[in-house]
1. Please verify whether B:Asp55 is touching a His at 6+ places or on another chain (Cβ under 8 Å) and either on the phi < 0 side of the Ramachandran plot or β-branched (Val, Ile, Thr) (or both), treating the condition exactly as stated.
2. Kindly provide the set of residues from segment A:33-89 that are part of a strand (DSSP E or B), touching a Lys or Arg at 6+ places or on another chain (Cβ under 8 Å) and among the hydrophobic types (A, V, I, L, M, F, W, C), ordered by number.
3. Which residues, counting only those in segment A:191-215, are closer than 18 Å to A:Thr282 by Cα and either assigned to a helix (DSSP H, G or I) or of a type in the set (Lys, Arg) (or both)?
4. Can you name the strands (runs of 3 or more DSSP E) wholly within segment B:198-315 that have at least 2 residues being aliphatic (A, V, I, L, M)?
5. Quick check on my filter: what residues within segment B:335-354 are closer than 24 Å to A:Val298 by Cβ, away from chain A (no Cβ under 11 Å) and crowded, with 17+ Cβ neighbours inside 10 Å?
6. When you look at B:Gln235, is it more than 18 Å from the chain's Cα centre (by Cα), within 11 Å of another protein chain (Cβ to nearest Cβ), modelled with pLDDT of 95 or more and over 23 Å from B:Ile58 (Cβ atoms), yes or no?
7. Being under 30 Å from A:Ala63 (Cα atoms), away from chain A (no Cβ under 14 Å) and modelled with pLDDT of 90 or more narrows it down to one of B:Ser45, B:Ser38, so name that one.
8. If I ask for residues that are in contact with a Gly (Cβ under 8 Å, 6 or more places away or on another chain), touching a residue at least 24 places away in the same chain (Cβ under 8 Å) and not in a strand (DSSP E or B), which ones from segment B:169-189 would you list?
Amino acid sequence: MASVGLTELSPAESGAEVGLRVQPRDPRLVPIAEKVVAGQRVSREDGIALFETDDLLAVGAMADLMNRRRNGDRVFYVANQHINPTNVCILHKVCVFCSYGVRPVAEDAYTMPLEQVYEEAEQARHSPTREFHIVGGLHPKLPLSYYTDMVRGLKERHPTIHVKALTAVEIAHLARVERSTTLDVLKALVDAGLDTMPGGGAEVFSPAVRASIADRKLVAEDWIQVHREAHQLGIPTNCTLLYGHVETYADRVDHILMLRDLQDETGGFSTFIPLAWHPDNTALGRSLDREGSRTGGVDDLKALAVGRILLDNFEHVKTHWIMVTTRLSQLALDFGVDDLEGTVVLEKVTHTAGADTPLGMDLDDIVRLIRDAGKRPVERDSLYNSLN
Amino acid sequence: MTQGAVLDRPISPVRPDEVEELTRLFDLPLLELGARASGRMREQSPDGNVSYILDRNINYTNVCITDCSFCAFYRRPGDGEAYVLSNEEIGAKIDEAREIGAVQILMQGGHNPYLRLEYYTDLLRFIKQEHPIHVHGFSASELDIIARVEKKSIPAVLAALMEAGLDSVPGAGAEILVDDVRTEIAKKKIGTDRWLDIHRAAHEGGLLTTATMMFGAGESRADRIEHMIRIRDLQAETGGFTAFIPWTLQPEGTDMAGAEEATATEYLKTVAVSRLVIGNIQNFQVSYVTQGPKVAQVALHFGCNDFGSLMMEENVVSATGIDFIMPKEEIVKLIEEAGYNAVSRYQDYSPVDPDLDWYCGCGVCRARKPA
């Protein structure tokens, strides 16, 4: 039997600071790895090569190095509660990748009166919840005041809980409903107590992809503009990439680079969150014959790792275990990820598309997953302040 | 109880310093461990192939007297849910499996003391005559109870089964091959030496076998290393193991419910360490039934080169509430997306020959073909 090579202890094991834990096997990755080690920005072509390669571990090692330089062995998590106020959505037919939105007269259509929102939010009172995550459909009738009242009401009842609410798509929709501007909508929400904005609705920015899966949804430039305005108002936001449907690797990279450009300009993004598409019960899943066939674990890890490598101006990359399973999310902590979505109470959107992950997760379980991966769990608030 | 000549050879003790040294592999960073293990895998399988087998599980009985605390499948004799399948039921299951292209059945069951050797030999002859297919069946602990009930030696039982149609032996029942651990989780099951003796006897009798390891059952990492060393040493002696198959205990529905399952990180580390420690086995199998398709796919970059079996009608792990059974197309897609060539195989790991004019292309089955 050949030696298992224990004499060549890795620097990590001997305690010294490390470079890349794995050297590239794919020669195409060698110059990219050199850039990463030297702290240089990688290019669009590099990004595509990182997706195309089958040298998964080398991609992971580059992302891991960038992550450890920024975050050390810390892994952040936050206890949050999802509130999905309505599933009525004027884009219910347009966004063929979604099974959540329905038309207003659909049998399963719902819109929560504010009292019901507050009632659901009461669950947070004697729990570790630090954040409300509020997203929903584009309701044709709900006015801006519904949302400002909601934010104000939640803040009154739960002054210490952070409100992260409304995607750029919902902001732009409210501006149309109110015949106002996105900037004014944002100002009204900030005035009501909005703290941060989630990163949903980005999908894939490529016009070709949007034409295929989300025609008439807010276009890339407008999505970016809403986030630019939020950043200018001092509202940190997240950003996402919905992968695993019809997009190409080049589409993914171009999307990530648009986020990088805005971050260069404003510095207002907190976290990048790749979202794995769930095909079940969606029109797109049926037409692609993909129902029951999720993204693979390798692709999930690559989406996270390549995002980490390209987004050299981001502090954080988050794995969304609701979509990729807790087991895969734990592995992601060695592939450049420093944020594990917290306990999530009452998630509805992904679960209507067939997610069979648990509806919530105990903080103890999250801490165990992080420790078991050899990392240090750090409970955070929405602004990444440590609560430990 | 007759245990046969195989017991005359002493089991070599495991050296504590070797266990200690190899256990330190677990301290390597996950990615580095993966790179070492997949480097070893590419040395051993340079063609970039990842194989899988189309087969069906047939659990001929759930009657069992062994009461393992990690098992949700078994029923005691006399239980209202106890069953033994008839030959006709088994034949019908084989026909269904062959319709989807299965090249073998994996036949395993409880330790049912009411079944005599004749039941097994009759069943095997019936299968080979009426529904011919490769029979991968009867793990060491089942062979043990047959031998004890019949008061026959293991080599004699194996010879009778092989003559009747048994083609290879699965590696189940190994759990952790450290007697202190076995006493905790499977007190009534055969001990380490007996498990190894039975596999040695199978190899010497011309049957290929696999070896499993069930971990996350409260054992230490050093216990896992000891298990790997035992397998490696027997392989050095016989060369009869085709594959090593590590999987994690699924506590739900068992007497160990509430125990914490080994995490995905621990699974990948264990898989990679086993590829490095057991350098003389060619194939390492992912356990997608326990890990789910995502982690199983990632394991192909941590030293595994086989996706295992289609698991049509898996009953044992699913009794714990885990249900990850996948169609062939999904397995092929996962292998190819991970960057490998997907190859359908026989039990001896040779590739399936679609033009073969016999039910199976493995060496044992080919030898059964009339001239």
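1. Yes.
2. Correct list: A:Val75, A:Phe76, A:Val88.
3. Once the filter is applied, which keeps residues that are closer than 18 Å to A:Thr282 by Cα and either assigned to a helix (DSSP H, G or I) or of a type in the set (Lys, Arg) (or both), segment A:191-215 yields A:Val209, A:Arg210, A:Ala211, A:Ser212, A:Ile213.
4. B:208-215, B:241-248
5. B:Ala342, B:Val343, B:Ser344, B:Arg345, B:Tyr349
6. no
7. Of B:Ser45, B:Ser38, the one residue that is under 30 Å from A:Ala63 (Cα atoms), away from chain A (no Cβ under 14 Å) and modelled with pLDDT of 90 or more is B:Ser45.
8. Within segment B:169-189, B:Pro170, B:Val181, B:Glu184, B:Ile185, B:Lys189 qualify.
The values are calculated or read from the model by the stated rules, or taken from the named source; none is laboratory data. Model, not experiment: these values are computed from the prediction. Every residue, glycine as well, gets a Cβ built from its backbone with ideal geometry; the counts of neighbours run over all protein chains shown.
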